[in-house]
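The values are calculated or read from the model by the stated rules, or taken from the named source; none is laboratory data. Given the structure is predicted, the values throughout are model-derived calculations rather than measurements. All Cβ positions, glycine included, derive from the backbone under ideal geometry; neighbour counts span all protein chains shown.
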């Protein structure tokens, strides 16, 4: 198939592109920077500069690529795009990504319709943002917690699924390019365990996320899928293990009342009440097999 990967030079895009190419697909990949066109060529794709927030730019890229499937991996979750994150003002850091998940997705879907593209698959999010009621592990049928960015994700899911496409709710990324900033903070002991660290997270290795995406492309999947590993776990379990594997001292422990004015309500809520996700649907319906079924294995292999 001809596949257009929007955001092909990003963390997941650069893992998805070579997997698609290796399976015989013709890939066009977009980037916001001309400097990354060489990288896309090295990955085996035809690179195109595209501004996901510019409807004309998106329309031109889709028209030239003439894809059978569009894969949306557009985000702006980097210091270069969104500045240094401030946990007390997450809205500022996520603003550009939220626009891509609303305006950008609308541009892609409109361009797809105009070009006769039958299928769109989009990145979503499912790491710790399950509804904070009931059990600690949520399925695709459970609603998401209302956080900064959740409304944009809800718009994305409604629009893409409504068009007959699929949303892949990726868990927290780790692996090459997926967790560099987090590792630096862990090694500096700047990510503490807040309260009892009872909030759950779901992780996924970047290569496992990419392999699930390729399956969704080839099967022209529809609906919502949680793309996470087999072991959602509380912060009190995975953070000390990550620190140990990263060669850092054990994380500090901070009571919630003290962390709240420093880190903000969102961070405290995630650390103490976050909900993880089940991957049963993706494994069953996509036939997805994980190379790293547990973050324990993945952290160990990545960090030695």
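Structure notes:
- Selection count, the range 92-144, where residues are within 19 Å of the chain's Cα centre (by Cα) and not in a loop (DSSP other than H, G, I, E, B): 27
- Looking at the range 25-72, the strands (runs of 3 or more DSSP E) lying wholly inside it that each contain 1 or more residues that are closer than 12 Å to residue 107 by Cα and under 21 Å from the mean Cα position of the chain (by Cα) sit at 69-72.
- Taken together, the criteria exclude residue 198 from residues that are closer than 30 Å to residue 69 by Cβ and either in contact (Cβ under 8 Å) with a residue 24 or more places away in the chain or crowded, with 17+ Cβ neighbours inside 10 Å (or both).
- From the list 168, 147, the lone residue that is part of a loop (DSSP other than H, G, I, E, B) and either touching a residue at least 60 places away in the same chain (Cβ under 8 Å) or under 13 Å from residue 227 (Cα atoms) (or both) is 147.
- Which listed residue, of 140, 157, 145, is crowded, with 17+ Cβ neighbours inside 10 Å, over 25 Å from residue 290 (Cα atoms) and in contact with a strand residue (DSSP E or B) (Cβ under 9 Å, 6 or more places away or on another chain): 145
- Residue count, the range 171-181 (criterion: in contact (Cβ under 8 Å) with a residue 24 or more places away in the chain and in contact with a strand residue (DSSP E or B) (Cβ under 9 Å, 6 or more places away or on another chain)): 6
- Scanning the range 11-24 for residues that are surrounded by 21 or more Cβ atoms within 10 Å (Cβ to Cβ) and in contact (Cβ under 8 Å) with a residue 40 or more places away in the chain turns up 11, 12, 13, 14, 15, 16, 20.
- Looking at 124, 177, just one residue is touching a helix residue (DSSP H, G or I) at 6+ places or on another chain (Cβ under 8 Å), closer than 25 Å to residue 231 by Cβ and at pLDDT below 95, and that residue is 177.
- Residue match in the range 65-78 (condition: surrounded by fewer than 16 Cβ atoms within 10 Å (Cβ to Cβ) and modelled with pLDDT of 95 or more): yes
- Whichever residue in the range 204-262 is on the phi > 0 side of the Ramachandran plot and surrounded by 15 or more Cβ atoms within 10 Å (Cβ to Cβ) and, among such residues, is farthest from the chain's Cα centre (by Cα): 220
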